[in-house]
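What follows draws every value from the coordinates through simple rules; no lab data is involved. Note that the structure is predicted; figures quoted are calculated from it, not measured. Neighbour counts run over all protein chains shown; Cβ positions are idealised from the backbone, glycine included.
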């Protein structure tokens, strides 16, 4: 029979052998795990795409951004085309009426023995009939910050006194410019309503706006169709 001390020694040896076997199996698993992990990590490193550093081209400089200057403000200007004056078609009754009026005035001059007046009336009648048959030309009008242009004629604001813009229902509006002259001081221009408002915006900064009153000559000219 074995003694208790011998049994204790055998138990210790058995326990130590079991511990050594566990350590040995643990070491093998660690080595296997490290070997597998190393292969996987190395394969990931080799499979990563390689990025090559970009080389700068020698002697090539990037283009500089040029800042374009802001466009200069354009001067305000309104231009349109219209007839020199509003033409009214002359009928046979118009010629008959002008002839009858001239004949009556001429008879009055003969009755008073004013032959010079009779000659003047005859010349005036010939001019009126000639102008009545003439059709107006289409002219380009332009209103700018420098002045007003009527065809080839140019009127700077220093030569103008005032202006008026009259609305005429059923007809084109009428722009009347007063020149600083004694002979033919009025300049009448036909203008559309929308264009007239733009013209008024420019002229208000240069000339005073007044209300135009038609004179007796204007009424006679309108009655005659001019």
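Would you please classify the overall shape of region 170-226 from the alpha carbon gyration tensor, given that a ≥ b ≥ c denote the square roots of the eigenvalues, rounded means a/c under 1.5, and beyond that prolate means a/b larger than b/c while oblate covers the rest?
oblate
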May I ask you to compute the full-extension gain from residue 154 to residue 194, defined as 0.36 nm times their residue separation minus their alpha-carbon distance, rounded to one decimal in nm? 12.1 nm
Sorting 214, 173 on the 10 Å Cβ count, fewest up front, what's the list? 214, 173
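What FRET efficiency would be calculated for the residue pair residue 214, residue 113, taking the C-beta separation as r and a Förster radius of 35 Å, to the nearest 0.05?
On the way: r = 35 Å, r/R0 = 1.00.
With R0 = 35 Å, the Cβ-Cβ based efficiency is 0.50.
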Figure the gain on full extension for residue 79 and residue 138 (residue separation times 0.36 nm, minus the Cα-Cα span) and round it to one decimal in nm. 19.9 nm
